[in-house]
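J.: Before I ask anything, here is the structure I am working with.
The values are calculated or read from the model by the stated rules, or taken from the named source; none is laboratory data. Bear in mind that the values here come from a model prediction, so they are computed numbers and not experimental data. Cβ placement follows ideal geometry from the backbone for every residue including glycine, while neighbour counts extend to all protein chains displayed. With ligands, DNA and RNA removed, areas are computed over all heavy atoms of the protein, side chains included. Shrake-Rupley method; radii C 1.70, N 1.55, O 1.52, S 1.80 Å.
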Amino acid sequence: MRQFTIESLSTADSIPFLADLPPWAETLTALGLLALLAWTGYFIVKHVVLRLVTRWLPHEGLTPLPVAARLAFIVPALIISNGIAAVPHLPPAAVTVVSNVAAASIILFIAMAISRALSLGNQIYDRRPDAASRPIKGYVQLLKIILYGGAAILIVAALMDQSPVLLLSGIGAMAAVLLLVFKDTILSLVASVQLTSNDMLRVGDWIEMPALNADGDVIDIALHTVKVQNWDKTITTIPTHRLISESFKNWRGMSESGGRRIKRSIFINQNGIRFLTTEEKQALRRFQLLDDYLGHKQAELGEWNAAAERAGRDPVNIRRVTNIGTLRAYIVEYLRANSHVANDMTLIVRQLDPTPQGLPIELYCFTNTTAWSAYEDIQSDIFDHLLAILPEFGLRPFQEPSGLDLQRGLAA
């Protein structure tokens, strides 16, 4: 008994009116019917089946609809792959080519759907509170590379109508070439693992990397690159592996501590440094911030000097209060009384080595905010006050003479 298959049953046999057409017309008509059938299948799956299945799924924001839409393309590819053999008068080679291309298309559509699903998973993960400190975007990109690499092998095998095992057997000989081609990917993968496991970088961190002109917030961490939005709103793209091989500064610790450091000096003209007279000390006791200091200092020095006098030492050996020391004490008390300075963090007022530009008095303290604008306002207010109050101590800031100073000096 004769066995009928889809290959043995031609379209002309199944559709009577095609038998009266010339061969080329039969072929074109059958191809048109096959294309119509494929389009109809696609339309039904996408606009009927998927709408019924995804009726209760969200249609905005994070939604799996794009994944389903890519899977809908598989239906017409399956129809063409199985129906092309029924088209009459097509050469066997053409049937094989179309079938192989349809099979390769199915593999590609499946890979695209999986890729979209991975992206959706990454977007869902980004909503977690700890997503900024443990990003998975680099791993998702690596999975996509593996996915498309495997899909490429299967597509080539489908087009050649060969087993993919034959293609995989030749990859071993190309391992060195693959390592060379994917060198940056391998380095970036290792760097991504180290950055994530050691919590060295998060989205939102402020980093500085002068070698690459990067100074701003991290806005994206990917497998190959890290994007930094600088303070001038430009974007610097840094290869991920360079964040491991080179040094960079991360300001996250400052942000998490709640305080930002002030480290700046006032340069005092050394010609004005001297001992304070009794009248000047009494005048300075008008400052509430200095009253306790001067009272304690007077008692301490009085005891020391009384012992020196009893020992019959020369008056040059007595200790006296200086205007520069009193200024340092005033700055310390002023900073402690400032509500914008963090008293639970380091607070130091110290002299640095004298320079040709004067004697540096350095302030080292922390504000109780990390906001840039507020920090600059607090720092400016502190130094505005200190520069203005220097004459009360008989001191002046150092400033190199300008042309106007020389002109006034010559005129005088």
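J.: Specify the residue that is farthest from S339 (Cα to Cα); the eligible residues are those in segment 368-393 that are touching a Ser or Thr at 6+ places or on another chain (Cβ under 8 Å) and assigned to a helix (DSSP H, G or I).
T.: Checked segment 368-393; the qualifying residue farthest from S339 (Cα to Cα) is F393.
J.: Please name all residue pairs, on different chains or six or more residues apart, with Cβ atoms under 6 Å, provided the first residue is in segment 216-236 and is closer than 18 Å to A191 by Cα and the second residue is among the acidic types (D, E).
T.: Once the first residue is closer than 18 Å to A191 by Cα and sits in segment 216-236, its partners that are among the acidic types (D, E) give V218/D205; K227/D220.
J.: Taking only segment 303-335 into account, find how many residues are part of a helix (DSSP H, G or I) and either open to solvent by 40 Å² or more (accessible area, probe 1.4 Å) or modelled with pLDDT of 85 or more (or both).
T.: Keep residues of segment 303-335 that are part of a helix (DSSP H, G or I), which gives 303-310, 315-317, 323-335.
Checking the rest, the ones that are also either open to solvent by 40 Å² or more (accessible area, probe 1.4 Å) or modelled with pLDDT of 85 or more (or both) come to 303-304, 307, 309-310, 315-317, 323-335.
The number of residues fulfilling the criteria is 21.
J.: Would you pick out the residues in segment 380-408 that are out of contact with any Leu (no Cβ under 9 Å at 6 or more places or on another chain) and of a type in the set (A, V, I, L, M)?
T.: Let us first name the residues in segment 380-408 that are out of contact with any Leu (no Cβ under 9 Å at 6 or more places or on another chain), namely 380-381, 384-385, 387-388, 391, 399-408.
Hits for segment 380-408 are L387, A388, L404, L406.
J.: Which number in (1) buried (at least 18 other Cβ atoms within 10 Å of the Cβ); (2) touching a Ser or Thr at 6+ places or on another chain (Cβ under 7 Å) marks the one condition that H89 misses?
T.: The one condition H89 does not meet is (1).
J.: Still on this structure: Looking at I238, I268, can you tell me which residue is open to solvent by less than 60 Å² (accessible area, probe 1.4 Å), of a type in the set (A, V, I, L, M, F, W, C) and more than 22 Å from I136 (Cβ to Cβ)?
T.: Details: I238 fails: more than 22 Å from I136 (Cβ to Cβ).
I268 is the lone residue from the list that is open to solvent by less than 60 Å² (accessible area, probe 1.4 Å), of a type in the set (A, V, I, L, M, F, W, C) and more than 22 Å from I136 (Cβ to Cβ).
J.: In addition: Residue by residue through segment 116-165, note down the ones that are within 26 Å of M200 (Cα to Cα), of a type in the set (F, W, Y) and either in contact with a helix residue (DSSP H, G or I) (Cβ under 7 Å, 6 or more places away or on another chain) or open to solvent by 50 Å² or more (accessible area, probe 1.4 Å) (or both).
T.: Matches in segment 116-165: Y139 only.
J.: I'd like the full set of residues that are within 16 Å of E279 (Cα to Cα) and of a type in the set (A, V, I, L, M, F, W, C), limited to segment 380-394.
T.: Applying the first criterion (within 16 Å of E279 (Cα to Cα)) to segment 380-394 yields 391-394.
Across segment 380-394, the qualifying residue is only F393.
J.: Further question: Modelled with pLDDT under 85 and within 30 Å of D344 (Cα to Cα): does that describe D199?
T.: Numbers: modelled with pLDDT under 85: yes; within 30 Å of D344 (Cα to Cα): yes.
Taking the combined requirement at face value, the residue satisfies it.
J.: Just wondering, is there one or more residues in segment 367-388 that are of a type in the set (A, V, I, L, M), farther than 30 Å from D205 by Cα and open to solvent by 70 Å² or more (accessible area, probe 1.4 Å)?
T.: Residues of segment 367-388 of a type in the set (A, V, I, L, M): 371, 374, 378, 382, 386-388.
Filter once more, so that each one left must be farther than 30 Å from D205 by Cα: 386-388.
So of that shortlist, the ones also open to solvent by 70 Å² or more (accessible area, probe 1.4 Å) come out as 387-388.
The answer is yes; a qualifying residue exists.
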